[in-house]
Structures are given as C-alpha cells and as structure tokens.
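Below you'll find the structure, written out as structure tokens, and then a few comments.
The values are calculated or read from the model by the stated rules, or taken from the named source; none is laboratory data. Fair warning: this is a prediction, and the values are worked out from it, not measured in the lab. For neighbour counting, all protein chains shown are included, and Cβ atoms are generated from backbone atoms with ideal geometry for every residue, glycine included. The area values use the complete protein model at the heavy-atom level, side chains included, leaving out ligands, DNA and RNA. Shrake-Rupley method; radii C 1.70, N 1.55, O 1.52, S 1.80 Å.
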Amino acid sequence: MSSPAAAAGRRLADPLLAASNGDGEIVVSARDKYWVPSDEKEVRLAASQDCGGGGTPPLLYRTFRVQGFLINLYRLLTLVRVMVVIMFFTWRMEHRDSDSMWLWWISVVGDLWFGVTWFMNQVTKLKPRKCVPKLSMLREQFDSSDGSSDLPILDVFINTVDPVDEPMLYTMNSILSILATDYPAEKYSTYFSDDGGSLVHYEGLLETAKFAASWVPFCRKHCVEPRAPENYFGRNVRPYTGNAPSDFLDDHRRIRAEYGEFKARLDGLSTVIEQRSETLNGANTKEGHVNATWMADGTQWQGTWIEPAKGHKKGHHPAVFQVMLNQPSDDPQLGMPASSDHPLDFSAVDVRLPTLVYIAREKRPAYDHQKKAGAMNVQLRVSALLSNAPFIINFDGDHYINNSQAFRAAMCFMLDPRDGDNTAFVQFPQRFDDVDPTDRYCNHNRMFFDATLLGLNGIQGPSFVGTGCMFRRVALYGADPPQWQPDDAAKAKVLQRPNVFGKSTAFINSMPAAANQERSIASPATLQETASVDAELASVMTCAYEAGTEWGNDVGWVYNIATEDVVTGFRLHRNGWRSTYCAMEPDAFRGTAPINLTERLYQILRWSGGSLEMFFSRFCPLLAGRRLHPMQRIAYINMTTYPVSTFFLVMYDLYPVMWLVHGQFYIQRPFQTFALFVAVIIATVELIGMVEIKWAGLTLLDWVRNEQFYIIGTTGVYPTALLHILLRSLGLKGVSFKLTAKKLTGGARERLAELYDVQWVPLLVPTVVVMAVNVAAIGAAAGKAIAGRWSAAQVAGASTGLVFNVWMLLLLYPFALGIMGRWSKRPYILFALLVAALAVITSVYATLASSVPYFHSGYFFQLN
C-alpha cells in the first residue's frame, strides 16, 4: 500500500481533464491533452504535511498550464506578428503615397487602432490556466459518514421578469434543478425574484414546490442528471448510476406522468387565474369596484393585475414576500414507502427540500428600478435578513443546473487554503441548448469562454458574465480582501456604516455574520433581536431604501450601465479581489440563447453599448488603482473599447465605393509591397488562431464563427453603440436596449424555426450596405477587366485586391443567410443570387467601359 505522498506524486504525471468523474478525481480528456499540472510543488508540500500530521487543510483544486512547446509557439507567433506590425507602420510612415491622403491617414490610424486592440487582447492570453475542483477531497474534509455536513451555507438567486418573454416552464425547471442539486438541503436557500409581480409566477412557484416533493427525492434516489425535468426527459438515456435499479423503470414512468400533469397545470394557470378573477369580480356588486386579480385563497393579489390599475400594474405595485418552502431540519428525513396513495418508494431517501422564497420588490413610477441589478440588490438585502449565507450564486430564469456537483465545485475554490479567502467569485462558462448545429450566430462564443477567460484565469481571474457565478457576500458589500485589509476590526467598522448600506439596523447587524463561512445555522441572531421581521423585510424592499446610500455604486450590483455584470466584476477586481474560472464536464449550467439574427444583434448591441458606458464612467479601467493587476487592466480596457473599431472597419468596408466612381485608386503605393505586408499580417494572426484553438480544445468552426460574428457585429451593431454613447455624452437618453426574448419550443424542428424568422429592423441596414458595396466592387472589377482587355499583370493586381472583398463576403455569410429567412435552408440559392448579381454588375460596367473611356482603369484596393 503506497503512501499518500507517493500517490500524489503519481497523480502529478496525469494529464488534465477539465472535469471530474463521479468521485471528483481527475480523468483524461482528448480536448485537454495539451495541458499539464503546474502546481506540483504545492501538491507535494500539502501531501508531506498531511503525512506528518501537520493539520494543514488539503488542496481542493488543481491548476494546469499549456504544455511548453505549444504555448511557446503561441508566444513566438505573437512576437513575430508584433514585429511585422511595427515594420508595417514604419514602412507606411516612410511611404506617404496615396491617391487620397485624407483616406490614407484614416487607414493609418485605423491600422494602429487594430494593432493596439489586437495586442491588448493577445497579451492577456499568453499565460492561460485551468483550475479543476477536487470534489472527493471536498467531501472528505466537510462531509461526515452519518450524513451531516460542515459545508458553508449558500444563497441562490434566480431572476425573471415576464412569463411571456421568459417562458415560465424554463424558469420553473430552473427552480427544480436548484432544489434537487447535490448540496445539503439545510445548507442553502433559493430566492426567486419576480420583477414583474405576476400572480402567474407566484402560483407557478407554488405548483413547483408541490411537484418538487416528488421530483427531488426521485433525483436523489436514482442519481439522475440533469435535474431539470424538461431537459432530463428530453435527452437520450444515460447509464444508470443510482442505488435502486429495480425500481427505476417504474419510478421513471410515474414521475414522467406526474411531470406531464405539472406542465399542464402550469400551462393552464393564466386561464385559471383569469376565470377566477372574472367570477369574483362579477360577484362584487359594490359601486365603483375595480376588476382585481384574485389569489386562490380569495384575497386580492398585491402585485400586477391582469387589468392594470393604479398600484397594481408593471412599475407600480407594493412589495410581495412569501416563504414557499420553510427551512428544513438539520437531520435527514426519510420518506414514505410505496403505497396506493404514494406509489413511489422513498423510504430510504432524504425527502427534505431546501428553503424557497418568493420576492417581488416594491415599484413606484417616480423611481428608476435599475432592472436586473436593482432586483438582485433587493435579493441581497432580503436574504441577509433570513439565511445570510456567506456565499451567493445567481441564475437567469432560463438557466438550469446541468451538473448537480456545480455548487460543490465552486466551493472548492472558495474554501481552498491557498487563495480561497481572496476569491470574490467563481465564474462558470455559459453553455446553451437548442442552438443550431453549426452555431450560425456564434451563440456558444467558445473563443471567449474557452480561450479568453482561461487567459484571464492566469492573471487576476475572469470577468463576471451575468449568470452561473458564485460570489462571496462581503465582497459584494464592498469589503476589501484579506490580503489588502487584514484587520478584521477595521473591516467590520467599514461594513457597518448606515450612510452606505441604508437604515435597516437588522441588515447592518447581519454583516459580521456574513463573513463567517463556518456558520451552519441559517438564521442570524439579528432576527431574534428585531421587533418585527416583516417590517424589516418590507423596509429593505422599498424603492426609497437606497436613497442616499452606496447601493448600485460601491455596494451590490452596479447601476446605470447596461452590462451590470462586467462592471460589477471589475469593481471587485479593482478592490483587489481575485476570481476563478471553472469549466466542468458535464457542463455546470445550461440555458437558452437567441438563434434569431435580429434578437442576437440586439443582445450584442446591449453588450457593446454597456461596454462603452463603462469606459466613460467612474468605472473606467484607466482610473483603477494599484490593486488591479496591470494585465487585468489591459483586459478591461479592451473589453470596454472594442466597439470603437467599427468606425475604421466600416470605412474600410466602404472604400470600394471609390472604385465605383474613380478610374484608378490606390490607398497605398507602392501597392505590391503594401499587399505583401497585409498578407503576412493576416497570415500570422490566422496561424496564432490555429494554435489557440489547439490549446483551448476548440474546433476550426468555433474560430470561424468567432471571426464571422465579429465582422457582423462591427459593421451593423457597434455603430449604434457609438451613437448611444454620443447621445449619452450630450445629456440625452441614448438608445433603448431591448431585452432578449426567449421562446418556448417543442421538438427539434420547432426549436430551429426561430432561426429562419426575419425581423427587419434598422440594425440590419449597415451590414446590408457593406455587402452590396463589396459585391458591386467585384462585379465592377470584372466588367472593367473584360471591356479594357486587361493584361495578365493587370488581372493579377486586381485579383490581389479582390481577395479582400471576397474575404469580407465570406465573413458576412451567416448574416446573408439570416436575412434570407426560410430560403436559407437552401444555401445554393444565395450563391445563385450572388452569381446573378455579379453577372448584372459585370455586364453594366463592361457596357459603360466600352463607351466611356473614364472607366478604363486599374483596381481600387480595399483593406480590411
């Protein structure tokens, strides 16, 4: 039998899988074959101290780096491209020769901008790191053989607004996956924020709590994955891993039937509520009565009514608070054996359910409610008065837990003895269901999640991306990390300032306990000392509570910026906190994404507009202090300025207009040298991309989609984002950002129907113009070549330039398919239209060139 140190030494030689098996041990994956351990010394030290009885807590995650030969090649190619770019600019400044000097200067500034932004993006990916949780070690340290656990308590936030734009079935499946996750039931509470104040959501949550009494024990008994029933029943059968195989088929059949009944009740809720309200309103014969919306117990709903009335409509209603599932006992509670009334045998299963709370904050017309950020700050205060967990994890209403070990995985990083105390948040990647197989609109965004964020993981950590993220509560309160504020007394003093956090004494008194991650009682003492818990809860949910405080500024989630996620993560990094990126297999969380072109463009508009808002705010990365790592600062500068690229790229894309009206036009002379430089620069960036997808474990299609949608966004969306920030700088309202709508879908064919919907909006126009100009330039060149009887040398010169027009059209190919609607099911139609358009333009220009000498000329070169 080998010693623990020897076993640890053997494990160091194992390659990485960015996942764990059922016991949390690291196993091998082909996509991670280029990754090797980078924490060998720390593991050996921890193993030796464990053998010596030193009492040092075990390491809860492993760190991996890219193999030397691959990462060094990546860095070498980056250096080569930097040198080529410098030589290119030097050459251009020495050869200021162009057919239009003002356009030449624009192209030089544009090339400089692209060079700098590329470098800022590239330099943060030169030291990528992967972190893999050791779930077995977490269980060994915190779980006992008698079923008890010393894991920290956790608060789960889930947000939704509209049951139409965010179908309730998705939201309730998310709730079910949370209630069934593999974390001690007494150790976490779920806070459901209904920002629309809808009775449909309230009663839907009641139905979900009832169905959870069967679904959660079923998941525990048979260890099913994923634990969102809609997704579980919709997937192919996985190998059975539970403890009761003889009961599985019968249990599966019964729970599936019960889930069908649950779905039917959810679908019928709107009709039931309407009919109930009509009946009760009809029975009210009092003069001047209003048509209220009524609850099942015969009382008027305090939130939004079906027929809006003063005090009961969107944006104007009182707060609603209700505990749907109470705090469970600390001891396991076994269920009932099978019977005629209860056919499922749960006699050997813990049937406890975690706490579930419904929240609809107060809304008044005179207040800016700050959308999702405002709702989450209310959740932060309400949860502090109830469970006050030191850790918080947030979800959007359309995301569900796909891997029941996800909460435990995040805890591995928060509780690790090395730097866990300085970790503010753990970010998981966003993964999506129902995206078309080719990911036409780059919804998966894998170059960002599987390359860029791994690069940041080697610096100060990934940015916060909105959902699937575990936070340390005191970090959101604005506390400094231990490495910057070791004095606990000073930290407590900072946390208890009324002018910062508001006037709730109970809330302020809860703050010191929030920093205690060893506390296992989910009810802080402050509630026992408060005269009225209800009064305190009502107070922290009011619109006026945050007036004169730092909420939305230095406390909680940040306000007045569309990308509240990125800026909140930046504020934590600016304060000196770290973050960690964690990818698991199976994926920790999954959700839905817009596969309609227009909805996807609106989503990118919100992101790009919010990025610019952040750069021109007090949260500008240039203004951050010394606690922000220099490379992290560069990453945030790049994240907040990238939409500016649109000015130069659109100019380049429209340069072919000069070819349509001029006989001969060169943006740079001598052209041959210029074209050679550009070819080498483009070739090096493509080579770097090929190496990057190797170490990131991605495919060529992932890289192509990233390139394509960058161009689509830059030509069509970013100009609107620039307009937005210009209007804001002039004191005007700016562009309204449309929230992404999600559609409830059925089978595979129905799910992809949205892909072929065409919604014509002004956002599509700029990209259509760019496509038309580039097609016209190619056709015009061909027409002039035919009419002018160009020599082979002339044709070769023109073809060199045409490569860039063709390249641009290839990058815009997904956009062209998108505006074709259902015709895009037959891509050959697009190519037939392109050939026809080129034939017409060629014929027109050939005719003109034959009769008008002005058209006998060379070719205008378009630089991209």
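Structure above, values below:
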{"quantity": "Condition broken by ALA180, with the remaining ones in (1) buried (at least 24 other Cβ atoms within 10 Å of the Cβ); (2) within 26 Å of TYR581 (Cβ to Cβ); (3) within 21 Å of the chain's Cα centre (by Cα) satisfied", "calculated": "(3)"}
{"quantity": "First in the range 598-610 and touching a residue at least 60 places away in the same chain (Cβ under 8 Å) and under 10 Å from TYR441 (Cα atoms), second anywhere and assigned to a helix (DSSP H, G or I) and open to solvent by 10 Å² or more (accessible area, probe 1.4 Å), Cβ under 7 Å, 6 or more apart", "calculated": "LEU601/LEU763"}
{"quantity": "Test for ARG44: is it open to solvent by 70 Å² or more (accessible area, probe 1.4 Å), charged (D, E, K, R), part of a loop (DSSP other than H, G, I, E, B) and at pLDDT below 95", "calculated": "no"}
{"quantity": "Set LEU266, LEU280: member being in a helix (DSSP H, G or I), open to solvent by 50 Å² or more (accessible area, probe 1.4 Å) and modelled with pLDDT of 90 or more", "calculated": "LEU280"}
{"quantity": "Residue tally, condition assigned to a helix (DSSP H, G or I), out of contact with any helix residue (DSSP H, G or I) (no Cβ under 8 Å at 6 or more places or on another chain) and either of a type in the set (Ser, Thr, Tyr) or open to solvent by 10 Å² or more (accessible area, probe 1.4 Å) (or both), over the range 538-570", "calculated": "4"}
{"quantity": "Near pairs, Cβ below 9 angstrom, 6+ apart or cross-chain, from the range 61-84 (farther than 23 Å from ILE682 by Cβ and modelled with pLDDT of 95 or more) to any residue that is acidic (Asp, Glu) and assigned to a helix (DSSP H, G or I)", "calculated": "THR63/GLU42; PHE64/ASP32"}
{"quantity": "Top-ranked residue of the range 670-718 - restricted to ones that are assigned to a helix (DSSP H, G or I) and polar (S, T, N, Q), ranked as nearest to GLU585 (Cα to Cα)", "calculated": "ASN706"}
{"quantity": "Boolean, THR598 is on the phi < 0 side of the Ramachandran plot, modelled with pLDDT of 95 or more and not in a loop (DSSP other than H, G, I, E, B)", "calculated": "no"}
{"quantity": "In the range 575-593, the residues that are more than 13 Å from ARG227 (Cα to Cα), in a loop (DSSP other than H, G, I, E, B) and of a type in the set (D, E, K, R)", "calculated": "GLU585"}
{"quantity": "Residues that are closer than 28 Å to VAL678 by Cβ, surrounded by 15 or more Cβ atoms within 10 Å (Cβ to Cβ) and either touching a Ser or Thr at 6+ places or on another chain (Cβ under 8 Å) or not aromatic (Phe, Trp, Tyr) (or both), drawn from the range 818-852", "calculated": "LEU830, LEU834, ALA837, LEU838, ILE841, THR842, ALA849"}
{"quantity": "Failed condition for ARG96, given (1) of a type outside the set (A, V, I, L, M); (2) open to solvent by 30 Å² or more (accessible area, probe 1.4 Å); (3) more than 23 Å from ILE71 (Cβ to Cβ); (4) in contact (Cβ under 8 Å) with a residue 60 or more places away in the chain", "calculated": "(4)"}
{"quantity": "Every residue from the range 113-135 that is over 20 Å from the mean Cα position of the chain (by Cα) and among the basic types (Lys, Arg)", "calculated": "LYS127, LYS134"}
{"quantity": "Residues within the range 663-673 that are more than 17 Å from ALA793 (Cα to Cα) and crowded, with 18+ Cβ neighbours inside 10 Å, tallied", "calculated": "2"}
{"quantity": "Contacts under 8 angstrom Cβ, first residue in the range 326-340 being exposed (fewer than 15 other Cβ atoms within 10 Å of the Cβ), partner not in a loop (DSSP other than H, G, I, E, B) and not hydrophobic (A, V, I, L, M, F, W, C), 6 or more apart", "calculated": "ASN326/THR355; SER329/GLU186; GLN333/ASP350; LEU334/ASP350"}
{"quantity": "Only one of ALA777, ALA796 that is surrounded by fewer than 17 Cβ atoms within 10 Å (Cβ to Cβ), under 24 Å from PRO670 (Cβ atoms) and small (Gly, Ala, Ser)", "calculated": "ALA796"}
{"quantity": "Boolean, ALA373 is more than 26 Å from LYS221 (Cβ to Cβ), assigned to a helix (DSSP H, G or I), in contact with a Phe, Trp or Tyr (Cβ under 9 Å, 6 or more places away or on another chain) and touching a residue at least 12 places away in the same chain (Cβ under 8 Å)", "calculated": "yes"}
{"quantity": "Filter pass, SER100 being more than 22 Å from HIS629 (Cα to Cα) and in contact with a Gly (Cβ under 6 Å, 6 or more places away or on another chain)", "calculated": "no"}
{"quantity": "Answer residue from the range 160-169, given it is within 19 Å of the chain's Cα centre (by Cα) and surrounded by 22 or more Cβ atoms within 10 Å (Cβ to Cβ) and is farthest from GLY196 (Cα to Cα) among those", "calculated": "GLU166"}
{"quantity": "Residue ID - nearest to PRO365 (Cα to Cα), chosen from residues in the range 289-313 that are small (Gly, Ala, Ser) and open to solvent by less than 70 Å² (accessible area, probe 1.4 Å)", "calculated": "GLY311"}
{"quantity": "Any chance LEU380 is out of contact with any Lys or Arg (no Cβ under 6 Å at 6 or more places or on another chain) and not in a helix (DSSP H, G or I)", "calculated": "no"}
{"quantity": "Qualifying residues in the range 24-41 (those that are β-branched (Val, Ile, Thr) and at pLDDT below 75) - the one surrounded by the fewest Cβ atoms within 10 Å (Cβ to Cβ)", "calculated": "VAL28"}
{"quantity": "Failed criterion for PRO524 (all others in (1) crowded, with 16+ Cβ neighbours inside 10 Å; (2) modelled with pLDDT of 75 or more hold)", "calculated": "(2)"}
